[in-house]
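Comments concern the structure below.
The values are calculated or read from the model by the stated rules, or taken from the named source; none is laboratory data. These numbers come from a predicted model, not from an experiment. Here the Cβ positions follow ideal geometry from the backbone for every residue, glycine too, while neighbour counts run over all protein chains shown.
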Amino acid sequence: MTRRRRIYEGKAKILYEGPEPGTLVQYFKDDATAFNAQKKGTITGKGVLNNRISEYLMQKLGEIGIPTHFVRRLNMREQLVREVEIIPIEVVVRNVAAGSLTKRFGIPEGTPLPRSIVEYYYKNDELGDPMVSEEHITAFGWAAPQDLDDMLSLALRINDYLSGLFLGIGLKLVDFKVEFGRLWENEEMRIVLADEISPDNCRLWDSKTNEKLDKDRFRQDLGNVAEAYQEVARRLGILPEAGPGDHTPPKLVQ
Ligand code: TMP
């Protein structure tokens, strides 16, 4: 195997230099962390499943006109993406109370929210990703007002589309986190969806039973974590035929 230059290693993914300028290879690990990496573990097969799930969702979002960094999946654990400048803001959209919202405001988990609520967090592990307002984001120059407008409207369109898509397969999209990046083409800059969309950064509950089918199973030690991710892939109709294992050598898949 040829050696590739590693550009960045995060908690769940590694970015390598891509085959041509302006591209990167995004490698999905099985590592899982929670609570700003205070809890660490491995979910066997997670990387394979998230690679597929994120490919599927980014492609679908692309089809409705959401610009994304996704180019194509390369193999079981890797996808080719456009190189973007990541905006250091995590955009969270919530439809139902869960997670930090329940703690912050004392609202019981599962309470439907009167409308979708968007929150911003500053991506900074040392500070524990603090929640920030639009004022902080524009005053500190993390994003320009126009960038933020674009991020907000994209996040709401993503929420509308994905809520419907998941509802159709018996899943409730409780909340999710997305990240955006700046992509330059000639002299023009566009804001595009980056990172990944998977059960690592969405809360997905079975519509009938409210069973959790996402990373909360890991965060809360509920067990059957990999099975939950597999169930999401199965309902999306994209469960890898050989299962989530990747014991066979990587092969190119178009
Ligand atoms: P929260 O309720 O813990 O604030 O999480 C809201 C959503 O954002 C949930 O779907 C999980 C996701 N999330 C991430 O993807 N990364 C993070 O670091 C955190 C804290 C949450």
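Side notes on the structure shown:
- Of all residues in region 7-23, those being closer than 22 Å to ILE43 by Cβ, in a strand (DSSP E or B) and charged (D, E, K, R) number 2.
- In region 138-192, residue nearest to GLU85 (Cα to Cα) [restricted to those that are touching a Pro at 6+ places or on another chain (Cβ under 9 Å) and of a type outside the set (Asp, Glu)]: LEU183
For (1) within 21 Å of GLN230 (Cα to Cα); (2) surrounded by fewer than 18 Cβ atoms within 10 Å (Cβ to Cβ); (3) at pLDDT 95 or above, each residue gets a yes or a no:
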site: ARG3; (1), (2), (3): no, yes, no
site: ILE7; (1), (2), (3): no, yes, yes
site: PHE28; (1), (2), (3): yes, no, yes
site: ARG52; (1), (2), (3): yes, no, yes
site: ILE64; (1), (2), (3): no, yes, yes
site: MET76; (1), (2), (3): yes, no, yes
site: ARG82; (1), (2), (3): no, no, yes
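- Selection from region 178-202 of residues that are within 16 Å of the ligand (Cβ to nearest atom) and either crowded, with 22+ Cβ neighbours inside 10 Å or free of Cβ contacts under 8 Å to residues at least 24 places away in the same chain (or both): VAL178, PHE180, LEU193, ALA194, ASP195, GLU196, ILE197, SER198, PRO199, ASP200, CYS202
- Those residues of region 205-229 which are more than 13 Å from GLY110 (Cβ to Cβ), outside any helix (DSSP H, G or I) and of a type outside the set (Lys, Arg), in sequence order: LEU213, ASP214, GLN220, ASP221, LEU222, GLY223, ASN224
- Checking GLU17, GLU63, GLU126 one by one, the residue that is farther than 22 Å from ASP175 by Cβ and within 14 Å of the ligand (Cβ to nearest atom) is GLU126 and no other.
- Test: ASN36 is over 18 Å from ILE191 (Cα atoms), out of contact with any Phe, Trp or Tyr (no Cβ under 6 Å at 6 or more places or on another chain) and modelled with pLDDT under 95: yes
- If you go through region 66-122 and keep only what is touching a Pro at 6+ places or on another chain (Cβ under 7 Å), away from the ligand (no atom under 11 Å from the Cβ) and assigned to a strand (DSSP E or B), you end up with just TYR122.
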